[in-house]
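Structure provided below as structure tokens; questions to follow.
The values are calculated or read from the model by the stated rules, or taken from the named source; none is laboratory data. This one's a predicted model, so the numbers in the text were calculated from it and none came from an experiment. In this analysis, Cβ positions are derived from the backbone assuming ideal geometry, glycine residues included, and neighbour counts consider all displayed protein chains. We work out accessible area using only protein heavy atoms, side chains counted, and drop any ligands, DNA or RNA first. Shrake-Rupley method; radii C 1.70, N 1.55, O 1.52, S 1.80 Å.
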Amino acid sequence: MSTAARPGDTPGREVDLLVAGAGAGGMAAALVAVLEGLEVLLCEASPQVGGTAAISAGTLWIPGNRQSLAAGFSDSAEDAETYLDAIVGLGTNRHLRAAFLRTGPEAIDYLEARSDVVFRPCGRHPDYRSNQRGAAVAGRAIIPEPFDGRLLGRDFERVRPPIDEFMIFGGMMVGKDDISRLLGRYRSLGNFVQTSKLLARYLADRLSYSRGTRLVMGNALVARLYHSLRRRNVPILFETSIEDLIGGTDGVTGAVLRSGGERVAVRARRGVVLSTGGYAHNASLRAAFMPEAGRPRSMAVPSNRGDGVALGRGIGARIAPEQHCSGGFWSPVSVTRRADGSSGLFPHLVLDRAKPGLIAVNAAGRRFVNEADSYHDFVEAMLAAHKTVPSIPAYLICEADFVRRYGLGAIHPGRRSLAAFERSGYLVCAASIDELAQRISVDAAGLRESVRRANEFARTGVDLDFGKGETELNRFNGDPGHAPNPCLGPIETPPFCALQVWPAEIACSTGLATDEDARVLDHDGRPIPGLYACGNDMASIMQGVYAGPGITLGPALVFAYRAARHAAARAGHAIEADGKATVA
Ligand SMILES: Cc1cc2nc3c(=O)[nH]c(=O)nc-3n(C[C@H](O)[C@H](O)[C@H](O)COP(=O)(O)OP(=O)(O)OC[C@H]3O[C@@H](n4cnc5c(N)ncnc54)[C@H](O)[C@@H]3O)c2cc1C
């Protein structure tokens with residue numbers, strides 16, 4: 001199978017490497033390629049860089065990374081390999097995992113040494129199956145250093161902002177550390193001074209910018225990548241989508257880009273990198289590879305329409321993995337009601353589910369999961385339970401006091417009145433468990449019994465049904481000040497509250513099959529010369545298992561690095577008028 005530029009297509013420029021998609025994977029590939037001396041062109045479908053990475057937490061899972069070792073945390077790629085072998089299995093892509101583990105620290109050090117993309121260790125941040133052999137409790141995850149968006153000048157507006165629900169005061173980003181400082185601002189002078197500085201900076205920003213310019217998490221990552229690309233004058237074509245590949249399984253020599261009504265053929269001597277963010281908003285690919293989700297809800301940016309996967313597939317690339325595994329990386333989400341009348345999705349990642357005094361129930365009023373397990377495992381349990389008892393949506397049940405203390409979804413901790421959230425329908429509160437059950441249409445006897453049992457477990461500190469609070473991960477996200485179990489607390493004082501949650505994917509797991517250098521493979525397992533995929537366009541090396549914090553962005557950057565370096569080492573090609581390549 002092969003495709004070619006059409007007669008009416010405008011002939012465009014010729015470059016070494018064409019990269020499609022200015023998210024985490026695409027910008028990293030473009031950056032490494034330019035650092036390796038290639039002439040690069042980056043095209044981006046939307047008017048802004050960042051993709052879903054811009055709204056992410058920005059954590060990267062890089063076992064054995066130097067930043068954590070230097071901070072005194074011990075970890076190794078060997079331990080991580082043991083861990084992945086245990087939870088992902090010894091399946092077909094073990095060599096890809098080995099390449100990832102071997103290259104991870106090197107790729108991060110390369111970016112740090114040669115660009116403005118710099119990281120800090122997360123420290124304690126347990127793996128998501130923290131009770132398995134080889135799992136790490138600390139030292140495996142890194143996050144980008146906060147970034148000063150003012151360095152981008154007017155191009156700051158080119159950075160996709162985080163979702164509204166992740167900002168306070170209508171535009172201020174706060175990281176996990178900032179949250180505890182803000183909540184404890186009157187508890188120590190240090191906290192008070194830090195918080196006051198953050199607020200003063202934010203107020204000053206708002207005189208000149210549409211939002212705060214102190215960027216953290218995923219926004220800092222993409223802004224750092226973008227800043228580094230700008231400094232090296234890498235051209236980015238905004239509102240320009242890759243629409244066709246030129247070539248076939250015997251080699252890809254360029255692509256056709258669409259900008260407005262025009263189709264422009266671009267030739268690429270060293271190849272094309274597909275990094276268009278996966279197929280979250282492509283109905284047919286979603287139906288084929290993520291059928292578990294029922295009515296689809298996605299955290300991905302709307303411009304991720306599966307173009308990369310569809311284009312690769314269209315010229316004969318293989319989709320992986322072939323054996324059944326989860327096609328998505330999931331999170332429970334609640335549907336928010338924004339002030340302007342629109343709605344959003346709030347991902348319940350780490351702040352509420354593990355805290356003491358919350359249970360999740362299905363339509364039978366029954367628990368179906370250890371609520372403190374990872375967001376992905378929570379949804380997998382929800383999907384499994386739904387096969388026998390309606391569990392989509394599920395409900396998070398707690399006291400109103402819990403909400404005020406720990407926050408619940410989009411309701412930030414410290415909020416005194418919950419009335420506005422009740423009025424909007426986001427939160428349902430009632431004076432008794434029976435009334436709550438009736439208002440959310442779950443079985444009252446079931447809910448009464450679940451709450452009674454949960455209260456018993458809270459007293460003993462042992463969850464006999466699901467083991468909440470038994471793993472390092474559970475306790476990490478629990479309340480360390482709560483005993484005997486940081487994740488178990490009673491639900492006995494009214495008013496009681498319920499919040500509806502649904503499954504949504506935060507990343508795709510299924511994608512184009514590749515080799516260790518992110519070269520896309522055909523159905524016979526042979527690399528298609530000149531075609532690379534990274535980020536969510538590449539099949540995840542985790543095969544649908546959420547191993548730990550940062551398992552999509554970590555591989556996205558590492559395989560972008562491997563792809564760009566492979567392309568740079570590849571013999572250059574002269575490209576004939578008909579799109580055929582000959583070695584120069
Ligand atoms: C709330 C949230 C938190 C998360 N936190 C983490 C985390 O901490 N760690 C982690 O590892 N993962 C996290 N993720 C997942 C992570 O954000 C994604 O896996 C990651 O962004 C994928 O990177 P990507 O480069 O493949 O795609 P993206 O970052 O989505 O970028 C894809 C880009 O391609 C563009 N594009 C699409 N089609 C075309 C086309 N035809 N031509 C040109 N451009 C195109 C899009 O507009 C977009 O800009 C999180 C996700 C969410 C929603």
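Between His523, Tyr110, Ile143, whose Cα lies farthest towards the positive end of the dipole of the chain when Lys and Arg beta carbons carry +1 and Asp and Glu beta carbons carry -1, centred on the Cα centre?
Going by the Cα projections, it comes out as Ile143.
What is the distance in Å between the Cα centres of the stretch 298-345 and the stretch 185-233?
Going from one Cα centre to the other spans 29 Å.
Just to be sure I follow the definition: excluding the sites themselves, where is the longest run in the chain that has none of the trypsin sites (Lys or Arg not before Pro) in a DSSP loop with at most 10 other Cβ atoms within 10 Å?
1-386
Please label the shape of the stretch 115-255 as rounded, prolate or oblate, based on the square roots a ≥ b ≥ c of the eigenvalues of the alpha-carbon gyration tensor (a/c under 1.5 means rounded; beyond that, a/b larger than b/c means prolate, else oblate).
Taking the square roots of the gyration eigenvalues as a ≥ b ≥ c, the stretch 115-255 is oblate.
Tally Lys and Arg at +1 and Asp and Glu at -1 over the other residues with C-beta under 11 Å from the C-beta of Asn370: what net charge comes out?
Local net charge: -3.
While we're looking at this one, here's another question. For an R0 of 51 angstrom, estimate the FRET efficiency from the Cβ-Cβ distance between Ala288 and Arg415 and round to the nearest 0.05.
So the FRET efficiency works out to roughly 0.75.
At a threshold of 8 angstrom on Cα-Cα distance, excluding pairs fewer than six apart, so keeping six or more, what relative contact order does the stretch 274-353 reach in percent?
26
Helix 217-231 against the longest principal axis of the chain: what's the angle in degrees, Cα atoms only, rounded to the nearest 10?
That helix lies at roughly 20 degrees to the long axis.
While we're here: Treating the beta-carbon of each Lys and Arg as +1 and of each Asp and Glu as -1, no other charges, what is the dipole magnitude of the stretch 1-133 about its Cα centre, to the nearest 20 debye?
Using only the charged Cβ atoms, the result is roughly 380 debye.
Sticking with this structure for a sec: With +1 assigned to the C-beta of every Lys and Arg and -1 to the C-beta of every Asp and Glu, and no other charges, what is the dipole magnitude of the stretch 387-441 about the Cα centre in debye, to the nearest 20? Mind dumping the intermediate values first?
Values: 7 positive and 5 negative charges, 48 e Å.
Computed charge dipole of the stretch 387-441: roughly 240 debye.
Count the net charge of all other residues whose Cβ sits under 14 Å from the Cβ of Ala33, scoring Lys and Arg as +1 and Asp and Glu as -1.
Net charge in that neighbourhood comes out at +3.
In addition: Could you work out the equivalent-ellipsoid semi-axes for the chain, taking the square root of 5 times each eigenvalue of the Cα gyration tensor, largest first, in whole Å?
Working from the Cα gyration tensor, I get semi-axes of 42, 25, 23 Å.
Pairs of alpha-carbon atoms within less than 8 angstrom and 6+ residues apart define the contacts here; what relative contact order does the chain have, in percent?
22
If you average 1/r over all unlike Cα pairs in the stretch 460-510 and invert the result, what Kirkwood radius do you get in angstrom?
When all Cα pairs of the stretch 460-510 are included, the Kirkwood radius is 13.5 Å.
Please report the relative contact order for the stretch 207-351, taking Cα pairs under 8 Å with a sequence separation of at least 6, and give it as a percent rounded to a whole number.
So the answer I get is 14 percent.
Would you please report the Å³ per residue occupied by the convex hull of the alpha carbon atoms in the stretch 17-71? Intermediate results must be reported in sequence, preceding the final value.
Working: hull volume 5.6 nm³, N = 55.
Normalising the Cα hull of the stretch 17-71 by residue number yields 103 Å³.
Above 13 Å lies some portion of the pair distances; for the stretch 376-420, what is it as a whole percent of all C-alpha pairs?
On the way: 617 of 990 pairs.
That tail contains 62 percent of the Cα-Cα pairs.
Among DSSP beta bridges lying fully in the chain, give the percent that are antiparallel, nearest 5. Working shown, then result.
Details: 61 of 81 bridges.
Percentage antiparallel, nearest 5: 75.
Going by the alpha-carbon gyration tensor, a ≥ b ≥ c the square roots of its eigenvalues, is the stretch 334-486 rounded (a/c under 1.5) or, if a/c is not under 1.5, prolate (a/b greater than b/c) versus oblate?
rounded
Another question, then. Please give the length that would be gained between Glu456 and Arg124 if that part of the chain were fully extended, namely 0.36 nm times their separation in residues minus their C-alpha to C-alpha distance (nm, one decimal).
116.5 nm
Now for a different question. Give the Debye-formula value of log10 I(q)/I(0) at each listed q (0.10, 0.12 Å⁻¹), with one equal scatterer per alpha carbon of the stretch 57-148, two decimals each.
Log10 I(q)/I(0), no solvent term: -0.25, -0.36.
Here is a follow-up. Using a 1.4 angstrom probe on the protein heavy atoms only, line up Glu165, Glu472, Glu239 by accessible area, largest first.
Glu239, Glu472, Glu165
Here is a follow-up. Where nothing but the Cβ of Lys and Arg (+1) and of Asp and Glu (-1) is charged, how large is the charge dipole of the stretch 490-571 around its Cα centre, in debye to the nearest 20?
Charge dipole of the stretch 490-571: 320 debye, to the nearest 20.
Quick one: divide the alpha-carbon radius of gyration of the stretch 182-236 by 2.2 N^0.38 Å and tell me what you get.
1.53
Among Ile246, Pro162, Tyr561, whose Cα lies farthest out toward the positive end of the dipole of the chain, if unit charges sit on the beta carbon of Lys, Arg (+1) and Asp, Glu (-1)?
Going by the Cα projections, it comes out as Pro162.
Please state the shape class of the stretch 251-343: rounded when a/c is under 1.5, otherwise prolate if a/b exceeds b/c and oblate if not, all from the C-alpha gyration tensor.
Because a/c hits 1.5 or more and a/b fails to exceed b/c, the stretch 251-343 counts as oblate.
Here's something else I'd like to know. With a 1.4 Å probe and all protein chains left in place, how much accessible area per residue does the stretch 15-112 have, in Å²?
Details: 2760 Å² over 98 residues.
With all protein chains present, the stretch 15-112 gives 28 Å² per residue.
Mind listing the Cα extents of the stretch 280-407 along all three principal axes, in Å, largest one first?
So the three principal-axis extents are 57, 38, 22 Å.
Then there's this: Quickly estimate the mean residue ellipticity at 222 nm for the chain, helices only: each DSSP H run with n ≥ 4 gives -39500 (n - 2.57), and the total goes over all residues, rounded to 500. Before the final figure, lay out each step's value.
Details: 16 runs with 180 residues, N = 584.
Dividing the helical sum by the residues of the chain leaves -9500 deg cm²/dmol.
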